[in-house]
Amino acid sequence: MDTILLVNDSATLTKVLSNHFVKAGYRVIAVSGVMDAYEAFIRNDIDLILTDFVLRDKEGLEVIKTFRTKKSDNALPIVVFTAMQDEQTANSCRDAGANLVLAKSGGTSELLTSIEKLIEEYKANLPTHSLESDMGNCIVKATTEVFRTMMNLKVVAGEVAIEKAQLRKAEVIGSIGVAGFLTGSISVFMPKVFARRAVAAMLMLDGPDDVADSDLVDAVGELTNMVGGCIKTALFQKTPLFDISVPSVYIGEDLQRRSVSDDLCFLVPFQFDGVEFSVEFLMVTKKDGGTGVQQAIVGTSAK
């Protein structure tokens, strides 16, 4: 069953459209805002996005830009269903990446016909990438590139996990806040033995024993900053959905990081010479989740 992600903050119109779509044989996921749309998109297989142009939290253009980071012929179809019928609005939507802009005055008949055609075309040329896979790929690419270019270490990525945020333990944690349309954090979790080895390579020291604690903190902070910056650049090349803050570094014997809110995270494990570490993109998915890093860390020292 094909799935339509319906983004509309009118309860009445949402009910009307949902009924029409369900009757036509579609599964409907209805949300009222851009952030809810983003979370629904990550959690579900979506075949088409239908959005209003005017929403309470953002304009429909923001919905388009969120999912249309790269324009291509086989990208997920996006339809704007709007009461605004001026040519400027239609052109703005199409320039942002909308496949089609339809007036509400045209009713649902034309809308259903257009949706059927767009989904058929989309499924005939299924994209090789989704935002979900792109997130994991960006974490992998950013981390492997930073370790290769800055430390000459070839780290190997494991399978990307998408899950609710969990308690994580490590001896060294580098964390950088994410704020903007997306809110949360990007964190690197490492055992101390690997952190010292990586920093020694980064600073071109003779070995891990030559790494002072102050150098460890500074270098892990810079490492976290580079990984976070590379993820941001690679994932949203044309749509600046977030900025990153100054990194924090935590060092202890048994650090525990727990999420304050019910967050969603992408976690990628890595391995080097038999030692494992991981990189996590933690995302606050609730509107009232606040800004910055939504987490608590229990440990000894922090920068």
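For the reader, a short list of remarks on this structure follows.
- Neighbourhood charge, 12 Å Cβ-Cβ cut-off, centred on F272 and excluding it, Lys, Arg +1 and Asp, Glu -1: +1
- Prolate/oblate/rounded label for region 3-124 (Cα gyration tensor, a/c 1.5): rounded
- Diffusion of region 17-64 by Stokes-Einstein, at 4 °C in a medium of 1.567 mPa s and with Rh set to the Kirkwood radius over alpha-carbon pairs, works out to 113 µm²/s.
- Other residues whose C-beta falls under 9 angstrom from the C-beta of V7 contribute a net charge of -3, scoring Lys and Arg +1 and Asp and Glu -1.
- Residues M150, M1 in ascending order of nearby Cβ atoms (within 10 Å, fewest first): M1, M150.
Throughout, read-outs are computed from the coordinates displayed, never taken from laboratory work. Owing to the predicted nature of the structure, the values given are computational and were not obtained by experimental measurement. A quick note on method: Cβ atoms are made from the backbone with ideal geometry, for glycine too, and the neighbour counts reach across all protein chains shown.
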